[in-house]
Amino acid sequence: MSQRSVAGAALAAGSLAFEMAKKWWVLLLRGILLLVIGILSFTNPLVWITFAGAYMLIDGIGLLWAGFGPQPTGQSRWPLLLVGILGIIAGLIVLLNPVIGGLSLVWVIGAWAIITGILEIVSAIALRQEIDNEWWLILTGILAIIFGILVFQNPLAGAFAIQTIFGAFAVVAGIFSIALAFRVRSFGKQIGAVS
């Protein structure tokens, strides 16, 4: 599909790509937060859990807000609402009880990562007809799923192992999210969603 026909389809349909392009800064903010959390998990192990919980809470609120906002024609709001609610619950659990048992924390983080990863892949597949380079979002989703599976495979691992895995995931996913944000912003300029 040519750039012109993609832009025409996005503008005519009020599509997911058009709505996402208007909110490109959310992807940028998400990527920056992930990078900060990832770096902190390596440099200050005592506070990484608090930042991870804060990220899950902020990400959940953002997705919930997007889910209640206007949706493109034919696009269900339920995936955004579901991940938003799960993110808020996971973030609150971590923030309200940071000394929760290691096993419970592992399961909360692992489940959150897997569900988020699956829904990111689903979103990327839906965007495939509308934008190029949707593989950034697919790759972020795959990384989240791999991270979640690794966490579940060894639930009795010490906090250091989870901190290292989470830190690596956060840094890589943050970089991908920032790259995707600028790609979406560029596409948004082409279709007139971003000035």
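Worth pointing out:
- Annotation: peptides 52-61, 181-190, ranked by per-residue average of other Cβ atoms within 10 Å with the highest first, follow the order 52-61, 181-190.
- Rounded to whole Hz, the Karplus (6.51, -1.76, 1.60) HN-Hα couplings of the stretch 173-181, x for glycine and proline: 5, x, 4, 5, 5, 5, 4, 5, 4
Values quoted throughout were computed directly from the atomic coordinates according to the rules given, and no laboratory measurement underlies them. Treat the numbers as computed from the prediction; the structure is a model and nothing was measured. When we count neighbours, we look across all protein chains shown, and the Cβ atoms used for this are built from the backbone with ideal geometry, even at glycine.
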